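Undergrad: Quick one: the structure is below, and I'll ask about it shortly.
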Amino acid sequence: MATLLKHSAKYALSGRLARLCVHSRHGGLQCLQPCLLPHQRSASTGSKILVEMDNSTGIAVLTMKSPPVNSLSLDFLTEFSISLEKLELDRGCRGVILTSALPKIFSAGLDIMEMCGKSPEHCGEFWKAVQEMWLRLYGSSMITIAAINGSSPAGGCLMALACDYRIMAENPKYSIGLNETQLGIVAPFWFKDTLVNTVGNRVAELSLQLGLLYSAPDALRTGLVDLLVPEDKVLSTASQTMTQWLAIPGENAIGSNPRVSSSKVDLTPKVHMVDLSHSSESMCSLNWIPWTCSNRA
Ligand SMILES: CC/C=C\CC/C=C/CC(=O)SCCNC(=O)CCNC(=O)[C@H](O)C(C)(C)COP(=O)(O)OP(=O)(O)OC[C@H]1O[C@@H](n2cnc3c(N)ncnc32)[C@H](O)[C@@H]1OP(=O)(O)O
């Protein structure tokens, strides 16, 4: 089922992102400036995301570089989804490592400023962009590894959860979790599902109800992350892990690893994409945005 959702998501998104490229004022493919580096590497950078592709390994590093805290604004989310779509369309790219260029922060989650005092239309557009980011990451046919080199609350944690594997810096000052209830927000069901899939029902239930943020060691204990390593080893360990994952047979072993083999099979959607559009409606109709912003209470 997850595979079907992933495949249908992949196809439903291409059109929308293509439209965003053409019509949106929030960035587009033209903002990504390609340049060539030695050793079969290429890089493209927008204002918030750097993508470095190693053609010899098929591994891309997608680095979030939006100070002060890599918050997920509409611009950020659009650039992120476009970058990922470009990698998805690149048959040479088999794995993506997601990391941050900022010290101490992976991502602070959704940009609070996008949710305060904005029109219902803007909220709808923003919420769609959040869903698309998740669908694109979770639905990717590439191997995705989060190299979590800093704190990662709420939407930042969701990004990491949408990846196949999570490696975090072992600094106990860094925290990660879906802390939405602490902010007076109920995490949508697909946030919840993503967490349940990773840590199981009971831990997810407690985490969501109490809005728990886990220190890196606690995150490892609960299974929220898969591995802790010294901070300066996060990226290199992610690369080594990726190499292991990519060694699993894919192209001729259909069924053994859908992520690896899916680029070679018929991906025509067999089910309709789950309709998440009601989330943006309820986001507005339930008035949770003013409720969560003290200056509008
Ligand atoms: C139907 C659908 C319903 C609901 C779905 C809603 C889902 C929501 C998920 C979310 O992601 S909500 C956002 C939740 N995010 C957070 O709770 C994170 C809040 N931030 C922090 O905990 C900390 O800032 C930090 C740990 C990330 C970093 O700490 P530190 O290094 O000490 O930096 P500062 O706290 O001083 O922050 C620096 C700077 O950044 C601004 N900022 C922080 N977080 C955000 C954010 N999420 N959006 C926008 N801006 C953010 C902060 O205000 C500071 O700005 P200054 O101008 O004061 O420098």
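The values are calculated or read from the model by the stated rules, or taken from the named source; none is laboratory data. Since the structure is predicted, the reported quantities are computational estimates derived from the model, not experimental observations. For neighbour counting, all protein chains shown are included, and Cβ atoms are generated from backbone atoms with ideal geometry for every residue, glycine included.
Undergrad: Check whether at least one residue in the range 123-138 is away from the ligand (no atom under 13 Å from the Cβ), closer than 19 Å to VAL225 by Cα and among the aliphatic types (A, V, I, L, M), and report yes or no.
TA: Scanning the range 123-138 turns up at least one residue that is away from the ligand (no atom under 13 Å from the Cβ), closer than 19 Å to VAL225 by Cα and among the aliphatic types (A, V, I, L, M).
Undergrad: Which one is surrounded by the fewest Cβ atoms within 10 Å (Cβ to Cβ) among residues in the range 80-105 that are within 16 Å of the ligand (Cβ to nearest atom) and without any contact (Cβ under 8 Å) to a residue 60 or more places away in the chain?
TA: Step by step, filter the range 80-105, then rank; the result is PRO103.
Undergrad: Step by step: first the residues of the range 49-79, then only those that are assigned to a strand (DSSP E or B) and within 16 Å of the ligand (Cβ to nearest atom), then the one that is surrounded by the fewest Cβ atoms within 10 Å (Cβ to Cβ). Which residue is that?
TA: Per the criteria, the residue is MET64.
Undergrad: Here's something else I'd like to know. GLU180 fails exactly one of the following numbered conditions: (1) of a type in the set (Asp, Glu); (2) touching a residue at least 24 places away in the same chain (Cβ under 8 Å); (3) surrounded by fewer than 19 Cβ atoms within 10 Å (Cβ to Cβ). What is the number of that condition?
TA: Result: GLU180 passes all but (3).
Undergrad: Between ASP193, ASP164, which is under 15 Å from THR99 (Cβ atoms) and more than 9 Å from the ligand (Cβ to nearest atom)?
TA: ASP164
Undergrad: Something else now. Which members of the range 189-219 meet the condition of being farther than 16 Å from ARG166 by Cβ, touching a residue at least 24 places away in the same chain (Cβ under 8 Å) and not small (Gly, Ala, Ser)?
TA: Result: TRP190, LEU208, GLN209, LEU210, LEU212.
Undergrad: Which residue out of LEU208, LEU178 is over 24 Å from SER73 (Cβ atoms) and among the hydrophobic types (A, V, I, L, M, F, W, C)?
TA: LEU208
Undergrad: MET159: within 10 Å of the ligand (Cβ to nearest atom), closer than 24 Å to LEU210 by Cα and among the aliphatic types (A, V, I, L, M), yes or no?
TA: Answer is yes for this residue.
Undergrad: Could you pull out the residue among LEU206, LEU210 that is out of contact with any helix residue (DSSP H, G or I) (no Cβ under 8 Å at 6 or more places or on another chain), more than 13 Å from the ligand (Cβ to nearest atom), over 20 Å from ASN149 (Cα atoms) and not polar (S, T, N, Q)?
TA: LEU206
One line per residue, one yes/no per condition, for (1) at pLDDT 95 or above; (2) under 21 Å from ALA187 (Cα atoms); (3) surrounded by 24 or more Cβ atoms within 10 Å (Cβ to Cβ):
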| position | (1), (2), (3) |
| --- | --- |
| LYS128 | yes, yes, no |
| TYR138 | yes, yes, no |
| ILE145 | yes, no, yes |
| SER152 | yes, yes, yes |
| GLY156 | yes, yes, yes |
| MET159 | yes, yes, yes |
| ILE167 | yes, no, yes |
| ASN171 | yes, no, no |
| SER175 | yes, yes, no |
